[in-house]
1. Output the peptides 470-478, 412-420 sorted from most to least packed, where packing is the average of other Cβ atoms within 10 Å over each peptide's residues.
2. From the mean inverse distance of alpha carbon pairs (Kirkwood) and the Cα radius of gyration, derive Rg over Rh for segment 106-230.
3. Accessible area per residue, 1.4 Å probe, Å², for segment 325-390: what's the number?
4. Put one equal scatterer on each alpha carbon of segment 187-239, apply the Debye formula with no solvent term, and list log10 I(q)/I(0) at q = 0.21, 0.27 1/Å to two decimals.
5. Which whole-number value in Å² is the accessible area per residue of segment 177-305, probe 1.4 Å?
6. Between residue 138 and residue 531, what's the calculated FRET efficiency when r is the beta-carbon distance and R0 is 45 Å? Round to 0.05.
7. Based on the Cα atoms of segment 230-329, what semi-axes does the equivalent ellipsoid have, where each is the square root of 5 times one gyration tensor eigenvalue, given in whole Å with the largest first?
8. Taking the mean number of other Cβ atoms within 10 Å as a proxy for protection, how do you rank 283-296, 153-166 from highest to lowest?
Amino acid sequence: MVEIPSGSIPSAEVEDVELYHPHSWWTKYVFSQDAKIIAVQYSITAISIGLVALVLSWLMRIQLAFPGYFAFIDADHYYQFITMHGMIMVIYLLTALFLGGFGNYLIPLMVGARDMVFPYANMLSYWIYLLAVLILAAGFFAPGGPTGAGWTLYPPQSVLSGTPGGKDWGILLMLTSLIVFIIGFTMGGLNYVVTVLQGRARGMTLMRMPLTVWGIFTATVMALLAFPALFVACVMMLFDRVLGTSFFMPAIVEMGTQLQHGGGSPILFQHLFWFFGHPEVYIVALPAFGIVSDLISTHARKNIFGYRMMVWAIVIIGGLSFVVWAHHMYVSGMHPAFGFFFATTTLIIAIPTAIKVYNWVLTLWRGDIHLALPMLFALAFIVTFVNGGLTGLFLGNVVVDVPLSDTMFVVAHFHMVMGVAPILVIFGAIYHWYPKVTGRMLDETLGQIHFWITFLGTYAIFFPMHYLGLLGVPRRYFEMGETAFVPPSAHTLNIFITVMALVVGAGQMVFLFNLVWSLFRGREAGGNPWRATTLEWQTPQTPPAHGNWGRDLPVVYRWAYDYSVPGAAEDFIPQNVPASDGVTREAPA
């Protein structure tokens, strides 16, 4: 433990700034500038559109298990369901919930700020996000329905008449929604970065910040660098579709007619998309890494192992994620030398990720582990992320990826590492911070039912899917038909996977009921039910009032993980408690 004199805590650089105070119900709960209210708005919106994506996944699975059973699920609808499900889950649910939801709620509280640095821009960011969601959802009601180009939106097929929504409103609404989403996120993202760098309480050095803040901060910086690639790709494709330009459209014949396009590069779009797309994986994963670190430390009553190493691992992962994107493009015909480069960087990025896993395990080692619901979800995340990461090592190698690239193996890998794992963290975080948001505990019994259905059910869905991929069962196929290399056992597995998907989806209704029921009937939580050290649990009121801290901002004297300190009266020491011996404590060097 590194010790420094307590007198080294700097005095305030600027005077406390008066916050905007709401004057009506509308400005308090609807057009709110309070980051906590905005976080709840983001979360409710993201979960609502996520439930739409859940229903779409049910419809896809029903078609795969019982092809032709429901007449309204034809080929066009199936591809529209795939496209909307993927885009909603990755962008409009996971990104918005981790950064807009948890970022808004936790950053000001965890760094000891009264609010975000730019509250008005923060409010605008939410309403622009809501507009993006509404534009996206409008595709369901537009002529021709939403786009069916696949969630990656590859041209040229995404803007041709053979693709659902290609010549109708579908692709226009999708591209417009993404453009609007990125504009809104940029406003929010700049807020998160400036608040972390400029809004911290006295004594809150960067190396005293909880890892949750580090994860969200690094992911936000990455997003501010990666989203512009998607932004320009969407604008260029919009021009190709509306103005007849040829950024991505080569000379092409459609239905016997020579189109006016010529000279465009479809591969250019793939590079732009995946230059955003792979950092997007870590834009979702890094906040999850940070949250899991805090959940494990709190519920194991033990300081996080290797805090500085964990911080640098987060930063290194963020940097390396920008040089691995083309491992999604091995089948696009790239030069073998490029394949070698991207396979190598893919393996290298596994090193800091593995360091984080080792440190989580070593944090658990000989800890006083409390198997509360947040801890269960954190442990489930570690197992799931390791499983998904191992199959990623398979797909990172060119010779393995090429035969598996268009099979269900990729679907299984992607969902384990990018779907199930982050969702488990979201659930763990909600069970952990719900008492702070509402002042009440979620019901333990309902939570246990929800955890076991979700954890075991998702494995029952995606483990067999790896086997289907190894058999060669292709992904994105509306139906298999009489395919010689697909044995009857694959169809039986498809039925089993679909039944489990319906069960897991229904299990989420238990969670939603728990959220609402506990809001009114849940046991009162008190100010710090988990006996945690970080600042958000030290607010004068629970839920925190407008301005978070009452009259005086907190002063930070120690790092975020003083658990089970020898000689201490209790097994945790909050960050704002001065040291009795006149020194402040930092993370181990």
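The values are calculated or read from the model by the stated rules, or taken from the named source; none is laboratory data. Since the model is a prediction, treat every value here as computed from it, not as a measurement. All Cβ positions, even for glycine, are placed from backbone atoms using ideal geometry, and neighbour counts span all protein chains on display. With ligands, DNA and RNA removed, areas are computed over all heavy atoms of the protein, side chains included. Shrake-Rupley method; radii C 1.70, N 1.55, O 1.52, S 1.80 Å.
1. Numbers: 470-478: 16.2, 412-420: 22.7.
Listed from highest to lowest mean packing, they are 412-420, 470-478.
2. Values: Rg = 18.6 Å, Rh = 16.3 Å.
Taking Rh as the inverse mean 1/r over Cα pairs, Rg/Rh reads 1.14.
3. Working: 3100 Å² over 66 residues.
On a per-residue basis, 47 Å².
4. Log-scaled intensity ratios, in q order: -0.77, -1.03.
5. Working: 3970 Å² over 129 residues.
Accessible area per residue, segment 177-305: 31 Å².
6. Numbers: r = 47 Å, r/R0 = 1.05.
For residue 138 and residue 531, the calculated efficiency is 0.45.
7. Details: eigenvalues 402, 28, 18 Å².
They are 45, 12, 10 Å, listed from largest to smallest.
8. Working: 283-296: 28.3, 153-166: 21.1.
Packing proxy ranking, top to bottom: 283-296, 153-166.
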